[in-house]
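Below is one structure, written out as structure tokens; comments come after it.
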Amino acid sequence: MRPIRAACLGAATALVTLLACAPVAAAAATDTHSAQDKSKHQVITLVGKLAQQTRFPVNPGGPAAQGDRTVVRSDLYDQNDKKVGETGGFCTTTRAALPGDAGGAEECVVTYSLPGGQLTAQGLYFGILNPGPPPSFDNAITGGTGKYDRARGTVHADTIGTGIRRFTIDLYL
């Protein structure tokens, strides 16, 4: 019985040592990656022009309601007004605007198709149900393909005209 107890104690000691050292090893790995990430930071500014938008209301003809969906597609242009891609996405109303509310909220998922790959982004969009121009919003970059396959960061959008938005993509690869 003694050899088994000694083996268990030895295994337990090894496990405690491994767990105690793991955070140090993880911190060292994180430091190495953060130094590399800084050299792969990129900011892309594009203009999106709305090409299609379709609403699928829960209560046709009634007020906005939780579960309403909007599907959108925009063409993307660079600073020289050259078409460089497009977006496609959908938003679902998660909170309808009620009296005294700040204009409801939608959860949006959008794919940006760009030269060399795609980026996906998602997030909550507040105040969309208010009259007037749509408000600015920020979404998290959740992934990508091609040259963006390790993408993370944010997309900030500002309305700069009717059906026109400026997208600032703050990208880490």
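The values are calculated or read from the model by the stated rules, or taken from the named source; none is laboratory data. Since this is a predicted model, take the numbers as computed values, not measurements. The accessibility values were calculated without ligands, DNA or RNA, using every heavy atom of the protein model including side chains. Shrake-Rupley method; radii C 1.70, N 1.55, O 1.52, S 1.80 Å.
Table for the structure above
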{"read-out": "Semi-axis lengths (Å, descending) of the ellipsoid that matches the C-alpha gyration tensor of segment 35-136", "value": "30, 16, 13"}
{"read-out": "Length added when fully stretched, GLN42-LYS83, from 0.36 nm per residue minus Cα-Cα", "value": "12.8 nm"}
{"read-out": "Whole-percent carbon and sulfur share, accessible surface of segment 66-168, 1.4 Å", "value": "54"}
{"read-out": "Amide H within-cut-off set for ALA151, under 5 Å, with H built and near neighbours excluded", "value": "GLY144"}
{"read-out": "Vicinal HN-Hα couplings computed from phi for segment 149-161 (Karplus, 6.51 cos²θ - 1.76 cosθ + 1.60; Hz; Gly/Pro x)", "value": "5, 10, 5, 7, x, 9, 10, 10, 10, 10, 7, 10, x"}
{"read-out": "Per-residue ³J(HN,Hα) for segment 80-86, Karplus 6.51 cos²θ - 1.76 cosθ + 1.60, θ = phi - 60°, Hz, x for Gly and Pro", "value": "9, 6, 9, 5, 10, x, 7"}
{"read-out": "Segment ARG166-GLN53, extension gain: residue separation times 0.36 nm, minus the distance between their alpha carbons", "value": "38.9 nm"}
